[in-house]
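Enquirer: Mind looking over this structure? Questions follow.
The values are calculated or read from the model by the stated rules, or taken from the named source; none is laboratory data. All values reported here derive from a predicted model rather than from experimental measurement. Note that each Cβ is placed from the backbone with ideal geometry, even for glycine, and that neighbours are counted across all protein chains shown. Calculation scope for accessible area: heavy atoms of the full protein, side chains included, ligands and nucleic acids excluded. Shrake-Rupley method; radii C 1.70, N 1.55, O 1.52, S 1.80 Å.
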Amino acid sequence: MGRAFEFRKARKMKRWSAMSKAFTRIGKDIVMAVKEGGPDPDSNSRLRAVIQNAKAVNMPKDNVERAIKKASEKGQGDYKEVVFEGYAPHGIAVLVETATDNNTRTVANVRSYFNKCDGSLGTSGSVVFMFDHTCNFRINAEDLDPEEIELEFIDFGAEEVFADDDGILIYAPFESFGAIQSELESREIEILSSGFERIPQVTKQLTPEQAEDVEKLLEKLEEDDDVQNVYHTMEESTD
């Protein structure tokens, strides 16, 4: 198994645990997808992917339809995707992905979290190079062999394929998302969920006391409604 497998194993059940937070994130993703490509999922591949993710977190169909309708209204503002980079205590690099309709508010909040937790907010490009930007797909494993899927999808960018209790996971570089999505759909392979992640190239092991210092910052960031994802270089337990 490779880095993507270990990364997924370490993070499983640790992030996105609060259902309300997951729904908030999906709602923003719907707005951004509709603004970008329209409200029809048949012609909007990004919206199709978000709807699949909504099903994966058991978001009610009515909620999804309302969000699409609301996003289509002229008065609905748009969300801007902004990435923040910085350091937590003990030299841990932190990458924060946000979706905001008020960048001034988001910048102030993120900066305050870093400052209050003895971290430092950095400039653009200060830590992003420490992470590989990847895309991933979870597909229905029924009648499928992970090894065969890996061989068949190498030409479309797949770098790592593995199975878990919830299906088969395909990991690839960020820019391979469209090609893999199209090929899965053309083969009528059911996509359960998909998304993007930033996998740290190198992680740093901390003592329990040091890790607690870092967790204080991560928790504050993840509780913020504007924050979509938080990534870091602290080594996490895979137990």
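Enquirer: Tell me which of these E148 doesn't satisfy, since it passes every other one: (1) in contact with a strand residue (DSSP E or B) (Cβ under 6 Å, 6 or more places away or on another chain); (2) assigned to a helix (DSSP H, G or I).
Expert: (1)
Enquirer: Here's a follow-up. Got a number for residues in the range 157-169 being surrounded by fewer than 17 Cβ atoms within 10 Å (Cβ to Cβ) and either in a helix (DSSP H, G or I) or in contact (Cβ under 8 Å) with a residue 60 or more places away in the chain (or both)?
Expert: As a first pass, look at the range 157-169 and keep what is surrounded by fewer than 17 Cβ atoms within 10 Å (Cβ to Cβ): 163-166.
Within this subset, residues satisfying the condition of being either in a helix (DSSP H, G or I) or in contact (Cβ under 8 Å) with a residue 60 or more places away in the chain (or both) are 164.
Selection size over the range 157-169: 1.
Enquirer: Another question about this same structure. Under the condition of being part of a loop (DSSP other than H, G, I, E, B) and of a type outside the set (S, T, Y), which residue from the range 203-237 is most open to solvent (accessible area, probe 1.4 Å)?
Expert: Q205
Enquirer: Still on this structure, I have one more. Give me the pairs: first residue in the range 136-148 and within 27 Å of R198 (Cβ to Cβ), second residue of a type in the set (S, T, Y) and open to solvent by less than 100 Å² (accessible area, probe 1.4 Å), beta-carbon distance under 8 Å, and six or more apart or on different chains, which are they?
Expert: What qualifies is N136/Y171; N136/S194; F137/S193; F137/S194; R138/S193; R138/S194.
Enquirer: How many of the residues making up the range 91-118 are of a type in the set (S, T, Y) and either touching a Pro at 6+ places or on another chain (Cβ under 9 Å) or in a helix (DSSP H, G or I) (or both)?
Expert: 4
Enquirer: Among (1) under 30 Å from T100 (Cα atoms); (2) in contact (Cβ under 8 Å) with a residue 40 or more places away in the chain; (3) open to solvent by less than 40 Å² (accessible area, probe 1.4 Å); (4) among the acidic types (D, E), where does D132 come up short?
Expert: So D132 meets the others, but not (3).
Enquirer: Which of (1) of a type outside the set (G, A, S); (2) open to solvent by 80 Å² or more (accessible area, probe 1.4 Å); (3) part of a loop (DSSP other than H, G, I, E, B); (4) touching a residue at least 40 places away in the same chain (Cβ under 8 Å) is the odd one out, the single condition Q76 does not satisfy?
Expert: (2)
Enquirer: I'm checking my understanding of the structure. Among residues of the range 170-183 that are farther than 30 Å from G86 by Cβ and small (G, A, S), which one is most open to solvent (accessible area, probe 1.4 Å)?
Expert: Step one: filter the range 170-183 for residues farther than 30 Å from G86 by Cβ, giving 170, 178-183.
Subset that is small (G, A, S): 178-179, 182.
Values: G178: 37, A179: 47, S182: 70 Å².
Ranking the candidates gives S182 first.
Enquirer: A further question on this structure: Would you pick out the residues in the range 107-129 that are surrounded by fewer than 17 Cβ atoms within 10 Å (Cβ to Cβ) and in contact with a helix residue (DSSP H, G or I) (Cβ under 7 Å, 6 or more places away or on another chain)?
Expert: D118, S120
Enquirer: Please go through the range 184-202 and give me each residue that is open to solvent by less than 70 Å² (accessible area, probe 1.4 Å) and outside any strand (DSSP E or B), ordered by number.
Expert: Within the range 184-202, L184, E185, I189 meet the criteria.
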